[in-house]
Amino acid sequence: MGDTAEKLPDEPITIWAGDPDFKWEFDEIQRAFGQVIKLWEASSVPIYHITDMSRCTLDVDGLSKGAASAAFGPQSPWSHPKLRMVIVVTNSPAVTLAVNNIAKSASTGGIYRSTVPLLAMDSVEKALAYIREQRRSELG
């Protein structure tokens, strides 16, 4: 199908990973979000989510569709009540710029109205380390 979704064992962390053949069309994007939303809704605690796009092939059209589907509108998955944080893993400067601009939009009254922190990082390992450190500091 071009993607996988999983919840890590014993941690409130989900990871969606796209493959190079993932199709950046609205129906595929919605199907992918449906996979992770099921994982979030099955959790009894807030979830940290990693969207791993590091292997994805993405053009401007796909980037626009992905951003619109994820971040904007009343059904935005990134506004889900169970989400504590979203980290997008990418090696694309364009995706990093888009994520940073979407996140900035939340603090400046822009179209992204979520209170869920949104970050871009360049590896899943860095994202996991960051989330685990955040959890340690929150738990005291």
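Using a simple spin-label model with pseudo-atoms 7 Å out from Cα toward Cβ, GLU138 and LYS38 lie 2.5 nm apart. Once backbone amide H atoms are built at 1.01 Å from N, ALA120 has VAL88 as its partners under 5 Å, excluding neighbours fewer than 5 places away on the same chain. In whole Hz, with x marking every Gly and Pro, tabulate ³J(HN,Hα) for segment 40-52 from phi via Karplus 6.51 cos²θ - 1.76 cosθ + 1.60, θ = phi - 60°. Per-residue couplings from phi come out as 5, 5, 7, 7, 8, 10, x, 10, 9, 10, 10, 9, 8 Hz. Inter-label distance, ARG55 to ARG31: 1.7 nm, where each label sits 7 Å from its Cα along the C-beta direction. Treating r as the C-beta distance of GLU125 and ASN101 and R0 as 30 Å, the FRET efficiency rounds to 0.75.
Since every read-out is calculated from the coordinates, none of them should be taken as a lab result. Quantities reported herein were computed from a predicted structural model and do not represent experimental measurements. Glycine gets a Cβ as well: all are built from the backbone with ideal geometry, and neighbour counts include every protein chain shown.
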